[in-house]
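Data first, discussion second: the structure below is written as structure tokens.
The values are calculated or read from the model by the stated rules, or taken from the named source; none is laboratory data. Bear in mind the structure is a predicted one, so any value in this text is a computation, not a measurement. We place every Cβ from the backbone using ideal geometry, glycine too, and count neighbours over all the protein chains shown. Side chains are part of the model used for accessible areas, which takes the heavy atoms of the whole protein and leaves out ligands, DNA and RNA. Shrake-Rupley method; radii C 1.70, N 1.55, O 1.52, S 1.80 Å.
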Amino acid sequence: MSKTALISGITGQDGSYLAELLLAKKYEVYGIVRRLSTPNVSRIENIVDNVTLLEGDLTDQSSLNIAMRTAQPNEVYNLAAQSFVATSWNQPVLTGDVTGLGVIRMLEAVRHFCPDAKFYQASSSEMFGAVPAPQNEEAPFKPRSPYGVAKVYGYHSTVNYRESYNMFCCNGICFNHESSRRGIEFVTRKITDGVARIYHGLTKELRLGNLDAKRDWGFAKDYCIAMYLMLQQKEPDDYVIATGQSHSVSEFVELAFKEVGLNYEDYVIVDKRFYRPVDVNVLQGDASKAKKVLGWSPKTSFEQLVQIMMKAEEMKYK
Ligand code: NDP
Ligand code: GDP
């Protein structure tokens, strides 16, 4: 019999890839979508007729209860969040409400309406914050943003429901993962979009903040496979998902410009507006446990990721 999955955040980068993956595995897929004045289904346009969208919001308990009752899922993937770190300083209360408390609301809905469902929480390497790299499942959390703080709350809530109610709850502690579907304000998409605009003569400069920050950047599609694998195990557990390689923002910039034969130094302007009150300097994950237990390893290198993203941008402006 085919399985049923419910994805919150199905309209986001990861939600769209995960929905495609589960449909290919013959799942019946439901997605929770919040009401906006203009519907935002651009990332799932190609599969929208094959999934069932349910109206809901992570700040509204009753809508989540109804979604669980309606879908009766075998697997729940909680991907919805206010996911942009920089915004979390401007909207700290909303970030706490959606990215933190929203997890408890999802867990409560599962507990009351489909307690046997397996639950995946989209935890984040931002929880590690100031902890020295490399970071694995044993590393402490020292979050450096309201987003990171909210994700720590979500992480511990997920562990707590596993321990309190014996529910099948997993945290994927994902390091940064990108694609052509990444939100435009994240640095990788901002860079690849900016380079393509410059290449096509639409603009002359690219304004960025801290070029020295280092991130462990992987390809989003690879990471969605890990999410799925976590819920196929016999026992629930928490896993770091990462490439193990860390690169600076300036390395990403240099490679992206190189893809179109330009020198980044001619176009990049460092603009203090894009600095954060505090930044996370280096994130580099150790995903040995995921490799050992899940048999998961990333398939896409840093260089391939930049190429994939640049190719998609070039097509857009052609
Ligand atoms: P996106 O920002 O692309 O997607 C976020 C999703 O959450 C969107 O579908 C959005 O809906 C939805 N959403 C936001 N607020 C609400 C709300 N109040 N109620 C219901 N839905 C809401 O994020 P990603 O796909 O990149 O990331 C998925 C998850 O993984 C997030 O939780 C993120 O924090 C986490 N994560 C991501 C990492 C990454 O590198 N991408 C790394 C580690 C963790 P809408 O389309 O309407 O805006
Ligand atoms: P994050 O790791 O989830 O915060 O993902 P981002 O892509 O938003 O940021 C990654 C790193 O790039 C952070 O250290 C930012 O400070 C740095 N960065 C430098 N310039 C920019 C910029 O213009 N926009 C964003 N979003 N980040 C930038």
Exactly one condition in (1) out of contact with any helix residue (DSSP H, G or I) (no Cβ under 8 Å at 6 or more places or on another chain); (2) within 15 Å of ligand 1 (Cβ to nearest atom) is not met by Leu107; state its number.
-> (1)
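Taking the stretch 25-39 on its own, how many of its residues are in a loop (DSSP other than H, G, I, E, B), open to solvent by less than 80 Å² (accessible area, probe 1.4 Å) and touching a strand residue (DSSP E or B) at 6+ places or on another chain (Cβ under 8 Å)?
The initial filter retains those residues of the stretch 25-39 that are in a loop (DSSP other than H, G, I, E, B), namely 25-27, 34-39.
Checking which are open to solvent by less than 80 Å² (accessible area, probe 1.4 Å) leaves us with 27, 36.
Adding the requirement that they be touching a strand residue (DSSP E or B) at 6+ places or on another chain (Cβ under 8 Å) leaves 27.
Total meeting the criteria: 1.
Please indicate, with yes or no, whether at least one residue in the stretch 67-81 is of a type in the set (Lys, Arg), within 18 Å of the chain's Cα centre (by Cα) and over 22 Å from Met227 (Cβ atoms).
The first filter runs over the stretch 67-81 and keeps only residues of a type in the set (Lys, Arg), leaving 69.
After this cut, where a residue has to be within 18 Å of the chain's Cα centre (by Cα) as well, the list is none.
No, there is no match, as no residue in the stretch 67-81 is of a type in the set (Lys, Arg), within 18 Å of the chain's Cα centre (by Cα) and over 22 Å from Met227 (Cβ atoms).
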Scanning the stretch 54-67 for residues that are assigned to a strand (DSSP E or B) and surrounded by fewer than 17 Cβ atoms within 10 Å (Cβ to Cβ) gives Glu55
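For (1) outside any helix (DSSP H, G or I); (2) near ligand 1 (Cβ under 10 Å from one of its atoms), each residue gets a yes or a no:
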| residue | (1), (2) |
| --- | --- |
| Arg144 | yes, no |
| Ala150 | no, yes |
| Tyr155 | no, no |
| Thr158 | no, no |
| Arg182 | yes, yes |
Of the residues in the stretch 159-215, those that are within 13 Å of ligand 2 (Cβ to nearest atom) and of a type in the set (D, E, K, R) come to Glu178, Arg182, Glu185, Arg189, Lys190, Asp193, Glu205, Arg207, Asp212, Lys214, Arg215
Working carefully through the options Lys311, Lys258, Lys221, find the one that is open to solvent by 20 Å² or more (accessible area, probe 1.4 Å), basic (Lys, Arg) and touching a Phe, Trp or Tyr at 6+ places or on another chain (Cβ under 6 Å).
-> Lys221
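If I ask for residues that are in a helix (DSSP H, G or I), among the β-branched types (Val, Ile, Thr) and within 24 Å of Pro115 (Cβ to Cβ), which ones from the stretch 68-98 would you list? First the steps, then the outcome.
We begin by selecting, within the stretch 68-98, every residue in a helix (DSSP H, G or I); these are 68-71, 85-90, 92-98.
Adding the requirement that they be among the β-branched types (Val, Ile, Thr) leaves 70, 85, 87, 93, 95, 98.
Within the stretch 68-98, Thr70, Val98 qualify.
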